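Next up is a structure, given as structure tokens.
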Amino acid sequence: PLWGVACVGEAEAWIYGKNETITHIDIHGAVKDTVTTTCLNRPSGISVTRGRELMYSDFISRTVNIVIDGEIEKLITAPREWSPWRLCCARSGDILLHMCARTGPQTKNKIIRYQGKNIKEEISNDGQGNPIFKDGECSLYMSENNNGDVCVSDGNAETVVVVDMTGSVRFRYDGTPARIEKLFDPRCIVTDALSQIIVTDSINNCLHILDQDGQFLRCVDDCGLEGPRGLSVDSEGRLWVGLCDTGEIKVIEYLQNK
């Protein structure tokens, strides 16, 4: 299976699946480099910094690691009882990290914003003690939009949640406007140069595209997307969509304006 894609520049990307290796490929599928991680199983998530350095999270060791000049360095160790899953190197240069912790039969979820190795902010409740994200086993995927919003796909709640810079929930999107046939199954999420929000829907085999205020714009469902999971945007504004079951990657040029 192909679990994740992280673009590097205009025509290359890092990808990973169900082993400890992360592979650097170009748009033609040629392998440029490989990194054998320290993970006992596989990486939990990958991202690329603004300086084009590869980062990956390791659920078992509870760490986030960065690859610099081919050497792996530990950058972050998760707080006690928490483990990191997906991560995102934000436009601001901060690192957004999904943390989960099992408490009895429940798995708690939250997002921590790191500035380097230091915790800068925690996104977990709405200021009145109500959790923003639903308990459950699905990981959260996130992206920072141009206006500073943190856009999160919450597979446990089958929604996209957008939180502003004050930590308040701006809106939620549940897939209803797209008139899809099956339950909304949001997975990877990205934002583009026009602040559009794009999220994969692995059950309905499509991409949902919203504007920055949550208005549904359209679905991309005519590109042979079977089980889309990984998602990234390259510097040319193209979408790289990883198909989980087949291991294929579709590179899509899509109309960005409304």
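The values are calculated or read from the model by the stated rules, or taken from the named source; none is laboratory data. Computed from a predicted structure; not experimentally measured. When we count neighbours, we look across all protein chains shown, and the Cβ atoms used for this are built from the backbone with ideal geometry, even at glycine. The area values use the complete protein model at the heavy-atom level, side chains included, leaving out ligands, DNA and RNA. Shrake-Rupley method; radii C 1.70, N 1.55, O 1.52, S 1.80 Å.
Based only on Cα atoms, what Rg/Rh ratio does the chain have, Rh being taken as Kirkwood's radius?
Ratio value, two decimals: 0.93.
Taking the stretch 1-104, which trypsin sites (Lys or Arg not before Pro) meet the DSSP loop condition and have no more than 12 other C-beta atoms within 10 Å?
The qualifying sites are 18, 50, 52, 80.
Next question, about the same structure. Less than 20 Å apart at the alpha-carbon level, and either on another chain or at least 8 residues along: which lysines does that give for residue 32?
Filter leaves 18, 250.
When the convex hull of the Cα atoms of the stretch 61-142 is projected onto a plane and the area is averaged over all directions, what value comes out in nm²?
Dividing the Cα hull surface by four gives the mean projection, 6.2 nm².
Please identify the GluC sites (Glu not before Pro) of the stretch 160-256 that satisfy two criteria: DSSP loop assignment and at most 14 other Cβ atoms within 10 Å. Which are they?
181, 226, 236, 253
Read phi for every residue in the stretch 141-154 and hand back ³J(HN,Hα) as whole Hz from Karplus 6.51 cos²θ - 1.76 cosθ + 1.60, θ = phi - 60°, with x for Gly and Pro.
Once θ is set to phi - 60°, the couplings for the stretch 141-154 become 10, 8, 8, 9, 7, 4, 8, x, 4, 9, 9, 10, 9, 10 Hz.
Between 48, 116, 31, whose Cα lies farthest towards the positive end of the dipole of the stretch 22-139 when Lys and Arg beta carbons carry +1 and Asp and Glu beta carbons carry -1, centred on the Cα centre?
Result: 116, furthest along the dipole toward the positive end.
Also, I was wondering about something else. Largest first, how would 33, 58, 135 line up by accessible area (1.4 Å probe)?
Result of the area sort, largest leading: 33, 135, 58.
What's the center-to-center distance, using Cα atoms, between the stretch 171-213 and the stretch 101-149 in Å?
Computed from Cα coordinates, the inter-centre distance equals 19 Å.
Relative to the compact-globule scaling 2.2 N^0.38 Å, provide the ratio for the alpha-carbon radius of gyration of the stretch 109-178.
Relative to the rule-of-thumb radius for its length, the stretch 109-178 sits at 1.09.
Can you list residues from other chains, or at least 5 along the same chain, whose modelled amide H is less than 5 Å from the amide H of residue 5?
Correct list: 231.
For residue 74, go through the aspartates and glutamates and keep the ones whose alpha-carbon is under 19 Å away, minus same-chain ones fewer than eight residues off.
Partners found: 20, 53, 58, 94.
Quick one: ranking 24, 208 by accessible area, 1.4 Å probe, largest first, what do you get?
Accessible-area ranking of 24, 208, largest first: 24, 208.
Within 10 Å, Cβ to Cβ, of residue 239, how many net charges do the neighbouring residues add up to if Lys/Arg are +1 and Asp/Glu are -1?
-1
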